[in-house]
Structures are given as structure tokens and as C-alpha cells.
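Taking it in order: structure first as C-alpha cells, then the write-up.
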Amino acid sequence: MTTVDDGVMHSPAMTDYLNTADRRILIGVRLTLETLGIRVPDAAQRRSPGRPTAKSILRHYHADHEVEGEMHRLRNLGR
């Protein structure tokens, strides 16, 4: 039996690589890791099928722009 250190798979450099990798590479990475029983990095996880909803897009936008998201939330409290 071989012990594998999966720390490299969860490093910032690997996350950057996987975020810009072709989908075929992601498919191969997922297949390999799932077959070996190694936890798949978040950047290589399968995406939700279909088109994203407007609510999902807005949630991701607000996660990247926290100040605007908080202002939007406060404006909607009065509704």
C-alpha cells in the first residue's frame, strides 16, 4: 500500500490551475481521485447541471462584492 499526501491537491496553486483548466482535465482529475478514494478539491467538483439561476448569480456576485451585497440586503429589508 502507498500513502499519498493530498496536500498538493488542495493548495492555492492547484486551485488556480483547476479554475482555468479545460473541462476534460477536470473530468480526468475527478475520475482519478474518486477511483483512488482521495477527496476531490472544491475547484474540481462537478458544477450544478443546467444554467445558473439569477438568484445563484446574484449570490455569487455579492460574495465577491461584500459591501454592495450588504447594501442590497439592507435596501431589501424595508420591502
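Taken together, the values in this text are just the output of simple stated rules run on the coordinates, not laboratory data. The model shown is predicted, which means the values in this text are computed figures rather than measured ones. Reconstructed Cβ throughout: ideal geometry from the backbone, glycine too, with neighbour counts over all protein chains shown.
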| What residue among 59, 46, 30 has the largest mean-square fluctuation in a Gaussian network model of the chain, using Cα springs under 10 Å? | 59
| request: Quick one: order 4, 40 by neighbouring beta-carbon count within 10 Å, fewest to most. | output: 4, 40
| note | In degrees, nearest 10, the alpha-carbon axis of helix 66-77 is tilted away from the dominant principal axis of the alpha carbons of the chain by 50
| Among rounded, prolate and oblate, which fits the range 1-47 when a ≥ b ≥ c are the square roots of the eigenvalues of its C-alpha gyration tensor, a/c under 1.5 means rounded, and a/b larger than b/c means prolate? | oblate
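Which order do the peptides 50-56, 31-37 take when ranked by the mean count of other beta-carbon atoms within 10 Å per residue, highest first?
Numbers: 50-56: 9.0, 31-37: 10.9.
So the order, starting with the most tightly packed, is 31-37, 50-56.
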